[in-house]
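Undergrad: Encoded as structure tokens, here's the structure I'll be asking about.
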Amino acid sequence: MAQTKTKNFYGWKIVVCCFLISMFAMGIISNTISFYMKPVCETLGCSYVQFSFINVVSCITSMLAAILLAPKIEGGNVRMIMLVSAAAAGLGFGLQGMATHIWHFYVLFGITNLGIGGLTSLPINYLITNWFKDKKGLATSLAFSGAGIGGIFWSPAVSAMIGKLGWRNSLFLSGAAVVIVSVLACLFIRKTPAEMGQEPYTNRDSQPKETQKAARAPAWEGVTRKTAVASPAFWVFVLSLICMGMLAAGVMTQVPTYFSEIGLSYAGIMALFSGVSILGNILGGMIFDKLGLMGGMAFTCICNVLALVCLLISGKNTFFAYLFAAAIGMGMVISMLGPPLMTSGLFGTKEYARIYSISNAFFLAGCMIGPMLSSGLRTATGSYTAAWSVYIAISICCFVFAFIAHGLSRSFKNKGYTDNI
């Protein structure tokens, strides 16, 4: 329909709201919590290891939130769930400023991430899936690019607040910012295009009449979570997701230490990575839209393999360290686009939230395994060479498993249905 092509299409307003949510909620909470480690440990008399345990709490509570909320998001009021979650995320983060024992952080950060789980990844991907049939990759990229842009702004801002106002006041103010902006953005959320008298965004208007006629034919909606989980396609997909998570967390958490060990100043290298990542998040969505699901997966795989090869030889030439930063900035878009786009591409949208909540748990499990694998190989061998070699294999496996799962998932499609993924 023509209304899905005009500037009045409400789906783009949904993207803007999601961008603001990711910029404040994810940009502040995910990107700045590490800034509090030193001052909190000095005040409360705890160790860095004790403080770092909140990362484990974060992953576990995010998994629980997604799994528990998925049925409610599909069958309930998404806007209300996001409003309550926004309040929980901001208040939980801000109230950490009142902590007097490290276990207070565990409890409050757990509440914070339950809120994040009901505010960001699952509901945002669910909304994008509802509102966009075409340009889903671009819409997803734009929605989550706020986290990277927010990180650039909030990192120096929070660092300055901690220095001038103290860590407690910095947490109070940061939590308040999350609540205010996220709640206001959530007020404009609408679950489906039908609520606004519209249809999901398609490129139908620019297509030939024959193609438009085919597009109006009944499309495959997808399978239930029960059917998906019982299929070989799902469990091969899970292997791809675990590899994806290991790659996302296992490389970047170790890179600063690696560059320090080989005598390279990593400030400029990481600045280049940050800049390319923001551009990559946007371009990555366009690449997935243009090349299709498997084309996009292949592109990111090539970028990540190139980046890791450059990492292996970066000690011999600084040029390769910067080439690594550029390549990994494009390749790591897989951690943002891979799980949601593959979930809808393989299993459809019928019970998208329920399937995505489970699949994302395996991605997060990979994120927990990755850093332990990297540091373990570094300790066992005395250098990161073995780790980077292993991650080259993991990058390739990520694509191979995705390719196999994609092929197996075709058995779900109704006979005669043709898709473009």
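Undergrad: To the nearest 0.05, how large is the calculated FRET efficiency for N203 and V16 if R₀ is 25 Å and r is the Cβ-Cβ distance?
TA: Details: r = 21 Å, r/R0 = 0.83.
Efficiency computed from Cβ-Cβ geometry: 0.75.
Undergrad: Compute the angle between helix 318-331 and the longest alpha-carbon principal axis of the chain, please, reported from 0 to 90 degrees and rounded to the nearest 10.
TA: 40
Undergrad: When the Karplus curve 6.51 cos²θ - 1.76 cosθ + 1.60 is applied with θ = phi - 60°, which whole-Hz ³J(HN,Hα) does each residue of segment 361-376 get, with x for Gly and Pro?
TA: Once θ is set to phi - 60°, the couplings for segment 361-376 become 5, 6, 4, 5, 4, x, 5, 6, 6, x, x, 5, 5, 4, 5, x Hz.
Undergrad: List the residues, sorted by chain then number, that are 5 or more residues from G222 or on another chain and whose placed amide H is less than 5 Å from its amide H.
TA: Placed amide hydrogens put T349, K350 under 5 Å from G222.
Undergrad: Amide H to amide H under 5 Å from F132: which residues, 5+ apart in sequence or cross-chain, H placed 1.01 Å off N in plane?
TA: Answer set, sorted by chain and number: Y201.
Undergrad: Can you give the FRET efficiency for N169 and V84, using 1/(1 + (r/R0)^6), R0 = 35 Å, r = Cβ-Cβ distance, to the nearest 0.05?
TA: Working: r = 26 Å, r/R0 = 0.74.
It comes out at approximately 0.85.
Undergrad: Quick one: ranking R354, R410 by accessible area, 1.4 Å probe, largest first, what do you get?
TA: Output order, biggest surface exposure first: R410, R354.
Undergrad: Give the list, by residue number, of cysteines in the chain with no other Cys Cβ closer than 4.7 Å, or say none.
TA: So, C17, C18, C41, C46, C59, C186, C301, C303, C310, C367, C397.
Undergrad: Given springs between every Cα pair under 10 Å in a Gaussian network model of the chain, which of L241, L346, L187 has the largest fluctuation?
TA: Most flexible of the set in this elastic network: L187.
Undergrad: Per residue of segment 61-68, what does 6.51 cos²θ - 1.76 cosθ + 1.60 with θ = phi - 60° give for ³J(HN,Hα)? Whole Hz please, x for Gly and Pro, Karplus curve as stated.
TA: 5, 5, 4, 4, 4, 5, 5, 6
Undergrad: Among the trypsin sites (Lys or Arg not before Pro) in segment 1-74, which ones are in a DSSP loop with at most 10 other Cβ atoms within 10 Å of the Cβ? Mind listing them? Write out the running numbers ahead of the final one.
TA: Details: sites: K5, K7, K13, K72; in loops: K7.
Within segment 1-74, the qualifying trypsin sites (Lys or Arg not before Pro) (loop, at most 10 other Cβ atoms within 10 Å) are K7.
Undergrad: Over segment 1-100, what percent of the accessible surface lies on carbon and sulfur atoms, probe 1.4 Å?
TA: Working: 3110 of 4400 Å².
Looking at segment 1-100 in its full context, I get 71 percent from C and S.
Undergrad: Give, in nm to one decimal, the length gained when the segment between T100 and K72 is fully stretched (0.36 nm per residue of separation minus the Cα-Cα distance).
TA: 6.6 nm
Undergrad: Now, a different point. By how many degrees, between 0 and 90 and to the nearest 10, does the Cα long axis of helix 167-186 differ from the longest principal axis of the chain?
TA: 10
Undergrad: Also, I was wondering about something else. At a probe size of 1.4 Å, how large is the accessible area of D289, to the nearest 10 Å²?
TA: For D289, solvent-accessible area is about 60 Å².
Undergrad: Also, quick follow-up: Taking θ as phi - 60°, what are the ³J(HN,Hα) couplings along segment 23-32 by the Karplus curve (6.51, -1.76, 1.60), each to the nearest whole Hz, with x for Gly and Pro?
TA: Each residue's phi maps through the Karplus curve to give 5, 8, 5, 6, x, 7, 5, 6, 8, 10 Hz.
Undergrad: Using only helices, what value at 222 nm comes out for the chain when you add -39,500 (n - 2.57) per DSSP H run of length 4 or more and divide by the total residues, to the nearest 500 deg cm²/dmol?
TA: Details: 18 runs with 318 residues, N = 421.
So the helix-based figure for the chain works out to -25500 deg cm²/dmol.
Undergrad: Right, another one. Say R0 is 60 Å: what FRET efficiency, to the nearest 0.05, do I152 and A230 get from their beta-carbon distance? Please list the in-between numbers first.
TA: Values: r = 44 Å, r/R0 = 0.73.
FRET efficiency, I152 to A230: 0.85.
Undergrad: Would you mind checking the tilt of helix 334-347 against the longest principal axis of the Cα atoms of the chain, expressed as 0 to 90 degrees and rounded to 10?
TA: Approximately 30 degrees, to the nearest ten.
The values are calculated or read from the model by the stated rules, or taken from the named source; none is laboratory data. These figures come from a predicted structure and were not determined experimentally. Using ideal geometry, Cβ is built from the backbone for each residue, glycine included, and neighbour counts are taken over all protein chains shown. All accessible areas refer to the heavy atoms of the entire protein, side chains included, with ligands and DNA or RNA removed. Shrake-Rupley method; radii C 1.70, N 1.55, O 1.52, S 1.80 Å.
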